[in-house]
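Note sheet for the following structure.
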Amino acid sequence: MDIIKDRPSGNHNAAFIAMERHDGCREGGKGYPCRAIRTNKFLYILNHEPGRWPAGNPNREFCARYIPFGEVDSSPTKTLLMDNKDESGFKRYYDLAFAKRPSEELYLIDKDPEQVVNLSNQPEYKAIQKKLSKQLREKLIQTKDPRALGLPAPWDYYPYYGLKRNKKWKVAPKP
């Protein structure tokens with residue numbers, strides 16, 4: 001509670017981040033679960049379901065709001081990228097915005113502040129990746145994160161209260 005009361009404790013070497021579902025834009029209401037640790041030098045991301053679309057399904061039939069890539073609000077930039085995804089000047093940006101991601105990502109903050117160069121498969125960063133992965137996993141176990149404990153994730157079945165233009169879309173029932 002020291003940080004909330006504005007009394008620095010001195011124990012802030014890393015920030016831990018978790019994300020589940022932002023919008024209803026995947027079949028059955030599933031989210032894009034990821035966990036991350038951010039230090040002053042690195043950002044390490046663990047994507048629990050790399051087979052899912054991080055920006056939402058490209059097929060609007062799987063989105064509650066009936067728009068493709070529903071995690072990204074409609075805008076001129078989104079339209080430009082989607083309309084030109086196969087053009088050489090746009091493909092890289094389209095992929096950065098919408099493509100599926102690997103199970104692990106690692107970014108060197110000072111050299112890559114936009115966090116677009118994934119170093120997770122680079123041999124020279126394997127040791128730091130292993131260290132950050134271990135640190136993240138320990139925190140997730142300490143905080144009893146169901147995904148880290150191998151338990152069912154309740155968030156995949158939470159009700160959805162957002163805008164629903166696609167009347168066929170629904171959250172899957174708990175198994």
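For segment 151-167, the set of residues classified as farther than 13 Å from residue 65 by Cβ and more than 19 Å from the chain's Cα centre (by Cα) consists of 151, 159, listed by residue number. Here is the figure for segment 105-118: residues that are within 17 Å of residue 35 (Cα to Cα) and free of Cβ contacts under 8 Å to residues at least 60 places away in the same chain total 1.
Counting only strands (runs of 3 or more DSSP E) that fall entirely inside segment 8-61 and contain at least 1 residues that are aromatic (Phe, Trp, Tyr), the qualifying elements are 15-19, 42-47.
Restricting 122, 129, 135 to residues that are under 19 Å from residue 101 (Cα atoms), over 17 Å from the mean Cα position of the chain (by Cα) and surrounded by 15 or more Cβ atoms within 10 Å (Cβ to Cβ) narrows the list to 129. In segment 133-146, the residues that are closer than 19 Å to residue 39 by Cα reach residues that are among the hydroxyl-bearing types (Ser, Thr, Tyr) and surrounded by 15 or more Cβ atoms within 10 Å (Cβ to Cβ) with C-beta atoms within less than 8 angstrom, at least six apart or across chains, in these pairs: 133/44; 136/44.
Of all residues in segment 66-86 being among the polar types (S, T, N, Q) and part of a loop (DSSP other than H, G, I, E, B), which is nearest to residue 25 (Cα to Cα)? Selected residue: 74. Right, residue 33: buried (at least 18 other Cβ atoms within 10 Å of the Cβ) and under 14 Å from the mean Cα position of the chain (by Cα) or not? Answer is yes for this residue.
Every number here is computed from the coordinates shown, using simple stated rules; none is lab data. It should be emphasised that the depicted structure is a prediction, and the values quoted were computed from it without experimental measurement. Quick reminder, even Gly has a Cβ in these numbers, built from the backbone with ideal geometry, and neighbours come from all protein chains shown.
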